[in-house]
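Undergrad: Let me begin by handing over the structure; questions about it come next.
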Amino acid sequence: MVIVTFQRARTEEQREIRRRAILDMASAMLDEMPVAAVTLNELSRRVGLAKPNVLRYFESREAVLLELLDHFLQEWLVELAGELAAGVDESRPMAERATAVAEILSRSLSDRVVLCDLFGAQGSVLEHNVSVEVVARYKRASLERLSTMTTTIRKYLPELGESATLFSLQTMVMAGALSAYSTPPPSLQAAYEAEPDLAHFRLELKDSLKLALTATLLGVLPR
């Protein structure tokens, strides 16, 4: 664990370096712990700033995490475009393309545990304790990401038409919801190990997401 220390930021460039350091430290923390365990106090300690100083750059813990969510989402969408290009044959029948898209989406998202954890926390946690300005800025950025994902999906499944937007949004929501069941807390994990029958409530993210996405696609595509 690295704890950063700073001198007082006096220029705009120094302020941007400080902001970037806060985001980078929060990202590193997410590699170690779930979203729920990331606190502003610990982030401040690790980044080497007093909590009031961190609040000069981000108005809350949630504001930090929303900015990271947007950053991770942009990265994923770039990688997803390449994964779909490599894995979906546009000349195949519609049902085969739909199955391939669901497989790639589920595999790609299940490899990004932090992104899915952030998806899961977005509506219930991250969009709370932030100002109208911050949440509106995030939502405007989200519209751009949603448009990018919609365009990418429609390239391989043009039959979705306008439903591609709703499918893209539902994909992110389902990834967040299902991830909560695939990463149980230590007490629940111990309960599963002690009573194997209870483990039916634990879902493997990739398989569960693939089933949900395949069913959704085959249900909304024209027959």
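Undergrad: Scan segment 120-142 and give yes if some residue there is closer than 21 Å to Leu217 by Cα and within 14 Å of the chain's Cα centre (by Cα), otherwise no.
TA: No, every residue in segment 120-142 fails to be closer than 21 Å to Leu217 by Cα and within 14 Å of the chain's Cα centre (by Cα).
Yes/no matrix, rows are residues, columns are (1) more than 22 Å from Ala121 (Cβ to Cβ); (2) open to solvent by 30 Å² or more (accessible area, probe 1.4 Å):
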position: Lys139; (1), (2): no, yes
position: Gly161; (1), (2): yes, no
position: Ser179; (1), (2): no, no
position: Ala191; (1), (2): yes, yes
position: Ala199; (1), (2): yes, yes
position: Asp207; (1), (2): yes, yes
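Undergrad: Right, something else. Here is a check on your reading of the model: is Arg107 of a type in the set (Lys, Arg), touching a helix residue (DSSP H, G or I) at 6+ places or on another chain (Cβ under 9 Å) and under 30 Å from Thr11 (Cα atoms)?
TA: Taking the combined requirement at face value, the residue does not satisfy it.
Undergrad: Could you list, in sequence order, all residues of segment 209-223 that are modelled with pLDDT under 90 and open to solvent by 40 Å² or more (accessible area, probe 1.4 Å)?
TA: Within segment 209-223, Leu218, Gly219, Val220, Pro222, Arg223 qualify.
Undergrad: Just checking, how many residues over segment 146-158 are touching a residue at least 24 places away in the same chain (Cβ under 8 Å) and closer than 24 Å to Ser208 by Cα?
TA: Going through segment 146-158 one residue at a time, the tally reaches 5.
Undergrad: With the requirement that a residue be touching a Leu at 6+ places or on another chain (Cβ under 7 Å) and surrounded by fewer than 21 Cβ atoms within 10 Å (Cβ to Cβ), what does segment 109-121 give you?
TA: Ser110, Val114 - these are the residues of segment 109-121 that are touching a Leu at 6+ places or on another chain (Cβ under 7 Å) and surrounded by fewer than 21 Cβ atoms within 10 Å (Cβ to Cβ).
The values are calculated or read from the model by the stated rules, or taken from the named source; none is laboratory data. Keep in mind the model is a prediction, meaning the values are calculated, not measured. Cβ atoms come from the backbone with ideal geometry, glycine included; neighbour counts cover every protein chain shown. Accessible surface areas use protein heavy atoms only, side chains included; no ligands, DNA or RNA. Shrake-Rupley method; radii C 1.70, N 1.55, O 1.52, S 1.80 Å.
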